[in-house]
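Asks: Can you keep this structure in mind? I'll have questions shortly.
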2 protein chains.
Amino acid sequence: MDKNSPIEFTLAERDASVTITQWVYVTLRNAVMYGQILPGRALTIRELAKELDVSPMPVREALRQLAAENALEIQGNRRVMVPKMTAMKFNELCQARMALESHAAERALPYIDAERLRALQQIDALIDDVQRDGNHGPVSALNQEFHRTLYSANPHQVTLPLIESLWLQLGPFMKLASAHLEVSSQVDRHTEAMDAIEKKDAIALQLAIKSDIREGFNFASTPELLQRFIDESNRHS
Amino acid sequence: MDKNSPIEFTLAERDASVTITQWVYVTLRNAVMYGQILPGRALTIRELAKELDVSPMPVREALRQLAAENALEIQGNRRVMVPKMTAMKFNELCQARMALESHAAERALPYIDAERLRALQQIDALIDDVQRDGNHGPVSALNQEFHRTLYSANPHQVTLPLIESLWLQLGPFMKLASAHLEVSSQVDRHTEAMDAIEKKDAIALQLAIKSDIREGFNFASTPELLQRFIDESNRHS
DNA sequence: TTCATACTTTTGTGATCACAATAGATCCAC
DNA sequence: GTGGATCTATTGTGATCACAAAAGTATGAA
């Protein structure tokens with residue numbers, strides 16, 4: 001596993017009002033989330049700094065923050081890398097998502113007003129549109145947007161940062177796995193969720209969210225399939 | 001809210017094998033956890049660096065990490081402080097603990113062997129001992145140790161860092177609130193939990209954990225009591 | 001006394017440098 | 001060729017410095 005594989009960053013615009021550290025953080029976060037950094041690939045501060053054309057300092061801080069969010073793993077040698085996925089860990093992450101997000105949905109339900117529901121409907125319609133156009137790239141980002149919009153209705157939200165940490169840990173594997181998969185139009189349970197919201201039915205909402213998460217992962221429905229995708233996603237590293 | 005109030009750090013031994021940044025991180029984390037830094041108190045890098053007798057660099061990194069774990073809050077002015085507690089946030093944190101920890105307990109249950117159970121019994125016995133001696137200081141740390149030992153039985157654990165984040169957010173308020181409280185011998189549900197473990201009864205274990213958490217907070221069982229403790233904990237700041 | 005203005009100090013940010021530890025490459029004995 | 005020791009290059013860590021922005025303080029007129 002050498003450090004030959006280049007990293008293709010999608011460099012965002014660097015707004016002057018934003019600190020360099022924050023910009024580096026966002027850039028690296030996206031690179032992790034969208035599988036641009038292969039799991040196991042050793043990252044060095046100076047390499048990233050050179051690649052992003054900044055000094056090592058902001059990179060150091062961004063890496064530490066991402067490690068604190070469990071998006072990156074600090075090895076004993078103090079080297080930093082995207083953690084490799086295992087079947088058991090994948091399973092735990094899915095179960096954790098279902099437990100935490102169904103809870104967040106329930107806690108958000110009382111705060112969802114007509115405007116918020118309309119925003120959810122808009123996002124869902126947008127997902128349908130891009131699915132119909134065969135443009136499967138932005139679907140997962142839009143799907144996240146749907147969930148985030150739902151949970152953040154709760155003005156005293158404390159679980160969203162934890163949920164985002166889980167997304168970050170699942171992100172790279174999902175991207176790499178779906179790359180080796182003819183993307184069938186993913187079905188989601190957003191309609192069921194919105195119906196439950198209209199009826200203020202907490203139980204139905206939790207069920208819809210859990211089903212949505214579970215079915216989002218059922219491209220790896222059997223242990224053999226899952227292991228195949230894990231091998232695929234780790235093969236390059 | 002000036003920066004007059006001094007911070008009494010309990011300086012841990014600085015092992016040579018540990019980086020300064022890690023040592024600073026642990027020191028600051030304990031200071032937050034044990035309410036030594038009052039909520040709302042503005043923290044500056046240079047002040048902490050001087051206090052801990054290190055250069056500003058490790059402090060910067062430790063602060064950023066703690067902020068990523070939601071233990072500290074970065075204000076718009078880029079100032080850092082311990083977040084203040086509100087009644088609604090307290091409620092959300094409790095509910096999140098119950099949801100997340102009962103899930104973690106359930107996922108850990110299949111992995112708990114005789115040795116692990118014995119470790120749990122030892123910790124519980126130790127809690128009883130110090131309670132009987134009227135020494136209520138280390139109880140909350142031991143209580144955390146009990147929960148951590150339980151959840152970490154799962155070798156593929158992914159929720160423990162999230163749980164620790166919730167503990168960190170509740171820690172300062174709990175300490176400051178309990179300071180204005182004649183500490184009655186807290187009863188816990190550890191016995192019920194261990195019984196459920198022996199019977200491999202997941203439902204009973206989840207109930208025990210949820211009850212343990214809920215009753216740990218019932219010093220603020222009514223909204224009026226809770227608000228009184230919040231006012232107390234914010235009064236100094 | 002009160003409030004806006006100018007001045008001074010402090011602060012976070014980011015760059016650069018020194019150093020010890022680690023990793024990678026080279027060389028040599030077998 | 002192959003494995004192990006040595007040497008070189010690279011890396012993370014931590015200190016120091018420069019600078020612009022923010023906070024704090026003094027000053028002035030009303």
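Asks: Compute the distance from the alpha-carbon center of region A:212-232 to that of region B:102-165, in whole Å.
Replies: With region A:212-232 and region B:102-165 each reduced to a Cα centre, they are spaced 32 Å.
Asks: Same structure again: Looking at chain B, which longest stretch skips every one of the trypsin sites (Lys or Arg not before Pro) that is in a DSSP loop with at most 11 other Cβ atoms within 10 Å, leaving the sites themselves out? Walk me through the numbers before you get to the answer.
Replies: Working: sites that count: B:3, B:78, B:79, B:199, B:200.
It works out to B:80-198.
Asks: Considering only protein heavy atoms, what is the solvent-accessible area of residue A:88 at a probe of 1.4 Å, reported in Å² to the nearest 10?
Replies: Rounded to the nearest 10, the figure is 80 Å².
Asks: In Å and on Cα atoms, what radius of gyration and Dmax does region A:87-235 show?
Replies: Spelled out, the Cα radius of gyration and Dmax of region A:87-235 are 15.4, 47 Å.
Asks: Hey, can you find the accessible area per residue of chain B for me, probe 1.4 Å, expressed in square angstrom?
Replies: Values: 11490 Å² over 237 residues.
In whole numbers, chain B has 48 Å² accessible per residue.
Asks: Follow-up. Once neighbouring chains are kept in place and the probe is 1.4 Å, which whole percent of the accessible area of chain A is contributed by carbon and sulfur? Let's see the in-between values first.
Replies: Details: 5780 of 11490 Å².
Summing carbon and sulfur atoms, their accessible area is 50 percent of the total for chain A.
Asks: Region B:35-90 to region A:1-73: how many Å between their Cα centroids?
Replies: Result: 24 Å between the Cα centres.
Asks: Would you be so kind as to list the residues of region B:86-106 that have their accessible area lowered by at least 50 Å² in the full protein complex compared with their chain by itself (1.4 Å probe)?
Replies: B:88, B:92, B:103
Asks: At residue A:179, with labels set 7 Å past Cα in the Cβ direction, how many nm apart are the copies from this one, shortest first?
Replies: Those label-point separations list as 5.3 nm.
Asks: At residue B:130, with labels set 7 Å past Cα in the Cβ direction, how many nm apart are the copies from this one, shortest first?
Replies: 5.1
Asks: Taking each residue in A:155-166, count the Cβ atoms of any other chain within 10 Å of its Cβ, then average. What number comes out?
Replies: Working: counts 3, 8, 3, 15, 9, 0, 5, 9, 1, 0, 7, 3.
For this peptide, the per-residue mean of nearby foreign Cβ atoms is 5.
Asks: Moving on. Less than 19 Å apart at the alpha-carbon level, and either on another chain or at least 8 residues along: which lysines does that give for residue A:175?
Replies: A:84, A:89
Asks: Would you compute, from DSSP H runs of 4+ residues alone, the mean residue ellipticity of the protein assembly as shown at 222 nm, taking -39500 (n - 2.57) per run and dividing by the full residue count, rounded to the nearest 500?
Replies: Working: 20 runs with 292 residues, N = 474.
Rounded to the nearest 500, the figure is -20000 deg cm²/dmol.
Asks: What is the log10 of I(q)/I(0) for region B:20-81, computed with the Debye formula using one identical point scatterer on each Cα and no solvent, at q = 0.14, 0.28 Å⁻¹?
Replies: Here the Debye-derived log intensity ratios amount to -0.32, -1.43.
Asks: For region A:1-154, which semi-axes, largest first and in whole Å, follow from the square roots of 5 times the eigenvalues of its Cα gyration tensor? Could you put the intermediate results ahead of the total?
Replies: Working: eigenvalues 202, 76, 56 Å².
After scaling each eigenvalue by five and taking roots: 32, 20, 17 Å.
Asks: Place +1 on the Cβ of every Lys and Arg and -1 on the Cβ of every Asp and Glu in the protein assembly as shown, take the dipole about the Cα centre, and give the residue among B:194, A:191, A:23 whose Cα lies farthest towards its positive end.
Replies: A:23
Asks: Using modelled backbone amide H atoms (1.01 Å from N, in-plane), which distant-in-sequence or interchain residues come within less than 5 Å of residue B:41's amide H?
Replies: When sequence neighbours closer than 5 places are left aside, the close amide H contacts are B:82.
Asks: Might you report the magnitude of the Cβ-based charge dipole of region B:87-235 about its Cα centre, with Lys and Arg at +1 and Asp and Glu at -1, to the nearest 20 debye?
Replies: Details: 15 positive and 22 negative charges, 76 e Å.
The calculation lands at about 360 debye.
Asks: In whole Hz, what ³J(HN,Hα) sequence does region A:164-170 give by Karplus (6.51, -1.76, 1.60; θ = phi - 60°), x for Gly and Pro?
Replies: Using θ = phi - 60°, the values come out as 4, 4, 5, 4, 4, 6, 8 Hz.
Asks: Quick one, can you get me the convex hull of the C-alpha atoms of the protein assembly as shown expressed as volume per residue in Å³?
Replies: On the way: hull volume 82.5 nm³, N = 474.
Hull volume over Cα atoms, normalised by residue count, gives 174 Å³.
Asks: Residue A:170 accessible area, nearest 10 Å², 1.4 Å probe?
Replies: My reading of the accessible area for residue A:170 is about 10 Å².
The values are calculated or read from the model by the stated rules, or taken from the named source; none is laboratory data. Predicted, not measured: the structure shown is a model, and the values here were computed from it. Cβ: placed from backbone, ideal geometry, glycine included. Neighbour counts: every protein chain shown. Ligands, DNA and RNA are excluded from the accessible area calculation, which covers all protein heavy atoms including side chains. Shrake-Rupley method; radii C 1.70, N 1.55, O 1.52, S 1.80 Å.
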